[in-house]
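I have placed the structure first, in the form of structure tokens, so that the comments after it can refer back to it.
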Amino acid sequence: MAASSHIVQVAVPTPLRRAFDYLSPVYLPPGMRVRVSFGRREVVGIVVGEVERSDLPHSRLKPITQSLDAGSILAPPLLDLLCWAADYYHHPLGEVIYTALPTRLRQGRAAVISGVTVWILTPEAKAVDPETLKRAPAQKRLLQRLAEAPEGLEAEQLAQISPRWAAGLKALRTKGWVSSHQRDSQPIFDRDVEPSPVLNPGQKSAVVAITADLGHFRPYLLHGVTGSGKTEVYLNVIEQVLAQGKQTLALVPEINLTPQLVDRFERRFRVPIAVLHSGLNEQERLNAWLAARDGKAPIVLGTRSAVFTPLKNPGLIVVDEEHDASYKQQDGFRYSARDVAVMRASREKIPIVLGSATPSLESLRNARDGTYTLLELPDRTGGAGMPEVRLLDMRRLKPSEGLSLPVREAIAARLAKGEQSILFLNRRGFAPVWMCFDCGWVAPCRRCDAQLTLHQKRQKLLCHHCGAEQEIARRCPSCQGENLHPLGEGTERVEGALQKFFPRACIERVDRDSTSRKGALEEKLRRVHSGEADILVGTQMLSKGHDFPNVTLVGVLNADQGLYGTDFRSSERLFQLIMQVSGRAGRADKPGEVLIQTWHPDHPLFSALQRHDFHGFAGFALTERRETGYPPYSHLALLRAESPAPGAALKFLHEAHVLAVRLVPEKGLQIMAPVPAPMERRAGRYRAQLLVQSSKRVPLHTFLSLWVEQLAESKFSKKVRWSLDVDPMDMY
Ligand code: ADP
Ligand code: ZN
Ligand code: ZN
């Protein structure tokens, strides 16, 4: 080997589970981006190391085409974390690293902060009638859309308006009708900051405990009901982290649903906060990433993928609502941001605070066995009591369109007092079933083993699993009768029923359908806060983070969904959900009430809810898990497969099963038989799964590495789409 050449290992975005060797005349540090030819393509890869010798003969090694950075853009601790994650989740390293990079960097663009150019109409253009541009449709459309966007549009947005946008824009500029501006990518920090309230004893001891040991890895589980002051604890700890010149990474389940939280952070600290939300364009995202990496953003606030944000001086990680399922990525690289965050904190040697009103049983067990330090905030702040929880026995109450009499009366009482109510129903659309009342036929999805949901406003039957849309059948395809009706209720139907019962009330529906338009959710939330809205009906979107001081009634309309679900986590989810929505009710001066409609009022889950007894619920849930051998008393991995050909997925899993059984040397490792997924056909694909269960983590991962490698190389794996889900959250 020539002394002047180095063999560098490069991770590239490919499903192949390894790095590739290239030649470079100079040393290239790990974490630097390079352009390399890969197959017939040129791709952007990341240097992950250097080797003395390659498996390939020297003559077959290709040179690096170009290095894209002056040095490493991923610091060693972060790169190490990504390598660990690729290992742990058995996912190709190149794809894992790509997850951590903003799109611009994946595209090979320069890693530099720059302003964002936007195009704005000039005053002259505002007098122009778009109809005069009838013969230049691209210009006309650009003009119309720019007129609706006084803050200006970026090239990316203009490109979506017309394929001929570039020529159209040029013409408009020549006419003097549009001009370009630089939008500042960093907000300005001249705001006044709000002081912290005086902490109560629980908060104080939590803050003292966490800050006593800044500079060391220590995981804390902060448990306290909604309104008990957890966020205030985070803010006080962050203040001390800032004082040490260190950065905080705070993860939240859904930023767009929790503008109040961002607001609170921004009101408290006069430092740049990089908020990574879905509304950012690619340059803004890159700017925020770089600001975090260079230490210019002392606070980084983001959702799941923000866990991979580079930090120059990490000092603290906060994971709010740590139980939330959205921390787990459900496709591709199926990581849990919460678990990665804990691993990251341990590698960076910093504390991590996991907060929740309803911790996951996994975290709770870690707290019970001393792996995590449990911090409790027992009371709501400001003397607010817990809402009274009443169970409505639906075996005796006849609901009208999903609403029992006590619920209707309770709403009427709130309306009379000028207070607000929230009704929670985990089902969007008008009715979950469209049925023939003569012969019992129900409208099925053609591509899924599922029924279609009636959406009355749109006058369509929709599949909530694959998104398919069908016309509403007026004649029964089975008996030719015309006696077809909706069965059951979704948010749309309940909204209509409320309008009938309370014609003068202002009702807001919050679900995916009613908030799909940009700004619609914000507008609805604004109407709730201003008091214009009287009744809020919606899906679990309502359970997240909102703080509505004037809401004194929460109704849970279909609590039983999930009580006897197929997933072993169903009841844990149900408990969390009801506890979260209950947390929306009542504040200090206005006690709240929670009404739960159920056919199973004797279920222990509900009595625990009535007592606000998380630990009581967790006690019996953990016992059940121990008896059934499910997490946190075992570790799971789920091999999933799907194919448009019936039987192909199962066949693949049978082959995989044979391989697995041959590999398994360990006791305590159980390979289950392959089974069809609970909903076997979805979007035209037949799905099946194979569960691996182990009492210990290490042998499980040793096994998975070998197994996945063999699977990837096997011929039969080419015929189906398959994936491995380590620590699966959903068992479908
Ligand atoms: P959580 O995050 O547990 O829901 P928050 O920190 O948001 O709780 O606190 C709930 C409300 O009580 C907020 O309006 C907050 O400003 C207020 N609050 C929190 N701690 C205190 C305190 N020690 N004194 C007065 N008000 C407080
Ligand atoms: Zn029929
Ligand atoms: Zn479908």
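The values are calculated or read from the model by the stated rules, or taken from the named source; none is laboratory data. These numbers come from a predicted model, not from an experiment. Backbone-built Cβ (ideal geometry, glycine too); neighbour counts: all protein chains shown. Only protein heavy atoms, including side chains, enter the accessible area calculation; ligands, DNA and RNA are left aside. Shrake-Rupley method; radii C 1.70, N 1.55, O 1.52, S 1.80 Å.
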Top-ranked residue of segment 108-135 - restricted to ones that are of a type in the set (A, V, I, L, M) and outside any loop (DSSP other than H, G, I, E, B), ranked as modelled with the lowest pLDDT: Val116
Condition check for Gly332: part of a loop (DSSP other than H, G, I, E, B) and without any contact (Cβ under 8 Å) to a residue 60 or more places away in the chain: no
Elements of type helices (runs of 4 or more DSSP H) in segment 228-327, at least 1 residues being within 19 Å of Ile352 (Cβ to Cβ) and more than 16 Å from ligand 1 (Cβ to nearest atom): 230-243, 282-293
Answer from Leu354, Leu425, Leu374, Leu397 - the residue that is modelled with pLDDT under 95 and touching a helix residue (DSSP H, G or I) at 6+ places or on another chain (Cβ under 6 Å): Leu425
Close pairs (9 angstrom Cβ cut-off, 6 or more residues apart or separate chains): among the β-branched types (Val, Ile, Thr) in segment 663-690, in a loop (DSSP other than H, G, I, E, B) and at pLDDT below 95 anywhere: Ile671/Val664
Residues within segment 439-483 that are within 10 Å of ligand 3 (Cβ to nearest atom) and of a type in the set (A, V, I, L, M), tallied: 4
Among residues of segment 369-389, those that are within 22 Å of Ile352 (Cβ to Cβ), loosely packed, with under 13 Cβ neighbours inside 10 Å and in contact with a Lys or Arg (Cβ under 8 Å, 6 or more places away or on another chain), counted: 0
Matching residues in segment 455-467 - criterion: being away from ligand 2 (no atom under 16 Å from the Cβ) and open to solvent by less than 20 Å² (accessible area, probe 1.4 Å): His455, Leu462, Cys463
Complete set of residues in segment 579-600 that are more than 16 Å from ligand 1 (Cβ to nearest atom) and buried (at least 18 other Cβ atoms within 10 Å of the Cβ): Glu593, Val594, Leu595, Ile596, Gln597, Thr598
Segment 3-23: number of residues that are under 17 Å from Ser72 (Cβ atoms), modelled with pLDDT under 95 and surrounded by fewer than 21 Cβ atoms within 10 Å (Cβ to Cβ): 1
Scope segment 400-419; condition closer than 12 Å to Phe501 by Cα and touching a helix residue (DSSP H, G or I) at 6+ places or on another chain (Cβ under 9 Å); matching residues: Ser400, Glu401, Leu403, Arg408, Ile411, Ala412
First in segment 17-30 and part of a loop (DSSP other than H, G, I, E, B), second anywhere and modelled with pLDDT under 95 and among the polar types (S, T, N, Q), Cβ under 8 Å, 6 or more apart: Pro25/Ser4; Pro25/Ser5; Leu28/Ser67; Pro29/Ser72; Pro30/Ser72
Test: residue in segment 312-327 that is on the phi < 0 side of the Ramachandran plot, without any contact (Cβ under 8 Å) to a residue 12 or more places away in the chain and open to solvent by 10 Å² or more (accessible area, probe 1.4 Å): no
Subset tally (residues that are open to solvent by 60 Å² or more (accessible area, probe 1.4 Å) and not in a strand (DSSP E or B)) for segment 40-81: 13
Filter result for Gly496 (outside the structural domain of Ile422 (by TED's automatic domain parsing) and farther than 30 Å from Ser643 by Cα): no
Residue among Phe430, Phe437 that alone is closer than 17 Å to Gly490 by Cα, aromatic (Phe, Trp, Tyr) and either surrounded by 14 or more Cβ atoms within 10 Å (Cβ to Cβ) or within 16 Å of ligand 2 (Cβ to nearest atom) (or both): Phe430
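Do we find that Ala443 is open to solvent by less than 10 Å² (accessible area, probe 1.4 Å) and farther than 19 Å from Arg584 by Cα in this structure?
yes
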Where a residue in segment 631-649 is more than 20 Å from Phe333 (Cβ to Cβ) and assigned to a strand (DSSP E or B) and its partner, wherever it lies, is open to solvent by less than 10 Å² (accessible area, probe 1.4 Å) and hydrophobic (A, V, I, L, M, F, W, C), with Cβ under 8 Å and at least six apart: Ser643/Ala649; Ser643/Phe652
Sole exception among (1) within 30 Å of Ala645 (Cβ to Cβ); (2) charged (D, E, K, R); (3) loosely packed, with under 14 Cβ neighbours inside 10 Å for Asp449, by number: (3)
Single residue of segment 665-692 satisfying the filter (buried (at least 18 other Cβ atoms within 10 Å of the Cβ) and either more than 24 Å from Ala450 (Cβ to Cβ) or among the acidic types (Asp, Glu) (or both)) that is modelled with the lowest pLDDT: Leu669
Single residue of segment 390-427 satisfying the filter (in contact with a Gly (Cβ under 6 Å, 6 or more places away or on another chain) and more than 22 Å from Arg611 (Cβ to Cβ)) that is most open to solvent (accessible area, probe 1.4 Å): Arg427
